[in-house]
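Input: a single structure, listed below in structure tokens.
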Amino acid sequence: GAVVSQHPSWVICKSGTSVKIECRSLDFQATTMFWYRQFPKQSLMLMATSNEGSKATYEQGVEKDKFLINHASLTLSTLTVTSAHPEDSSFYICSAREPTGKRQPQHFGDGTRLSIL
Amino acid sequence: DAKTTQPTSMDCAEGRAANLPCNHSTISGNEYVYWYRQIHSQGPQYIIHGLKNNETNEMASLIITEDRKSSTLILPHATLRDTAVYYCIVMAGNEKLTFGTGTRLTIIP
């Protein structure tokens, strides 16, 4: 089946630093990838849609200058949390959809747990 | 986007069939029903999806009522590893998955 890999799985860093999270589709090409955020005991919230070769589309309320998304190839999208602060601590999850038709399911990575001290 | 309603939590005995209901009374004719699950501290896992016919794969079966206003996910022989939060999602016309609160399924030994 389709596999999405996310790295790193856990990050702890100091306030003010920037953190990059990678999302790779391992066995298929993904023109569209998605980034979600999940706070404890809450459901997943879509942050942005990442399109290969073009700018990401951000959901309302998500700061595009804070969460930089790059989708430079058909198998890799990156999310950079710039100048991270404790309130950015969360579980970040990416997903990718197989390209064979829009109704194909999204496949998710295992998530990155970000802790800002 | 059609909304879904699921019970907050359910228990099921290990080895029995787990039947998870979902109401989606405002679903549109071209919208699919997708089921995902999330095991603690992991990313969601795709289970199955369907439009109007019943579907079965190696993980589960999906039963969609004739009027498409509700569906049931069936895990035929539940194991402890099936303990998770199960999400029933109707795919929006703009292709975005919107996660609700889901059903927390606990498999009891």
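The values are calculated or read from the model by the stated rules, or taken from the named source; none is laboratory data. On a predicted model such as this, the values are computed, not experimentally measured, just so you know. Here the Cβ is made from the backbone with ideal geometry for all residues, glycine too, and neighbour counts use every protein chain on show. Heads up: the accessible areas ignore ligands, DNA and RNA and are worked out on the full protein's heavy atoms, side chains in. Shrake-Rupley method; radii C 1.70, N 1.55, O 1.52, S 1.80 Å.
What the table below lists for this structure:
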| item | result |
| --- | --- |
| Apportionment of accessible area to carbon and sulfur, chain B, percent (1.4 Å) | 48 percent |
| Lys, Arg +1 and Asp, Glu -1 on Cβ, resulting dipole of the protein assembly as shown about Cα centre, debye, nearest 20 | 240 debye |
| Where no second cysteine Cβ lies under 4.7 Å, the cysteines concerned in chain A | A:CYS13 |
| Local electrostatic count, A:THR17, Cβ distance below 15 Å [Lys/Arg +1, Asp/Glu -1] | +1 |
| Accessible solvent surface per residue of the protein assembly as shown, calculated while the other protein chains remain in place, 1.4 angstrom probe, Å² | 51 Å² |
| Estimated vicinal HN-Hα couplings, Hz - the range A:29-35 in sequence order (Karplus 6.51, -1.76, 1.60; Gly, Pro = x) | 9, 10, 6, 10, 10, 10, 10 |
| Global size of chain A as Cα Rg and Dmax, reported in angstrom | 13.5, 42 |
| Sorted largest first, extent of the protein assembly as shown alpha carbons per principal axis (Å) | 51, 38, 32 |
| List of the range A:17-58 residues, accessible area with partners at least 50 Å² below that of the chain alone (1.4 Å probe) | A:SER43, A:LEU44 |
| Violating pairs (Cα-Cα greater than 22 angstrom) within the set A:LYS55/B:LYS96; A:LYS20/A:LYS64; A:LYS14/A:LYS66; A:LYS20/B:LYS96 | A:LYS20/B:LYS96 |
| Rounded FRET efficiency, nearest 0.05, which uses the C-beta distance separating A:SER15 from B:GLN45 and R0 of 35 Å | 0.60 |
| Accessible surface buried once B binds A (1.4 Å probe; total of both sides; Å²) | 1700 Å² |
| Accessible surface ranking that places the most exposed of B:MET10, A:MET33 first, with a 1.4 angstrom probe | B:MET10, A:MET33 |
| Normalised contact order of chain A, rounded percent, pairs of Cα under 8 Å and 6 or more residues apart | 36 percent |
| Where labels lie 7 Å past Cα in the beta-carbon direction, separation of B:ASN53 and A:SER54 in nm | 3.3 nm |
| Sequence of A:CYS13, B:CYS88 from largest to smallest accessible area, 1.4 Å probe | A:CYS13, B:CYS88 |
| B:LEU80 - accessible surface, heavy atoms, 1.4 Å probe, Å² rounded to 10 | 80 Å² |
| Largest to smallest accessible area among A:THR82, B:THR8 [probe 1.4 Å] | B:THR8, A:THR82 |
| Two-site label geometry, A:THR82 and B:THR79: point separation in nm, points 7 Å out along Cα→Cβ | 4.6 nm |
| Rounded Å value of the spacing that divides the Cα centres of the range B:24-92 and the range A:19-82 | 25 Å |
| Heavy-atom accessible surface of the range A:18-117: percent carbon and sulfur, 1.4 Å | 49 percent |
| Cβ charges +1 (Lys, Arg) and -1 (Asp, Glu), total dipole of chain A, debye | 100 debye |
| Residue-by-residue Karplus 3J(HN,Hα) for the range A:106-114, coefficients 6.51, -1.76, 1.60, Hz, glycine and proline x | 7, 10, 9, x, 7, x, 10, 8, 9 |
| Shielding of B:45-52 by partner chains, average beta-carbon count, 10 Å | 2 |
| Backbone HN-Hα couplings from phi across the range A:50-59 [Karplus 6.51/-1.76/1.60, Hz, Gly and Pro as x] | 9, 10, 4, x, 9, 6, 6, 9, 9, 6 |
| Buried on assembly, the range A:65-112 (at least 50 Å² less accessible surface than by itself, 1.4 Å probe) | A:ARG103, A:PRO105, A:GLN106, A:PHE108 |
| Hydrodynamic radius of chain B per Kirkwood, over alpha carbon pairs, in Å | 13.8 Å |
| Relative contact order for chain B, counting Cα pairs under 8 Å that sit 6 or more residues apart, in percent | 36 percent |
| Cysteines without a disulfide-compatible partner [chain B; Cβ-Cβ under 4.7 Å] | B:CYS12 |
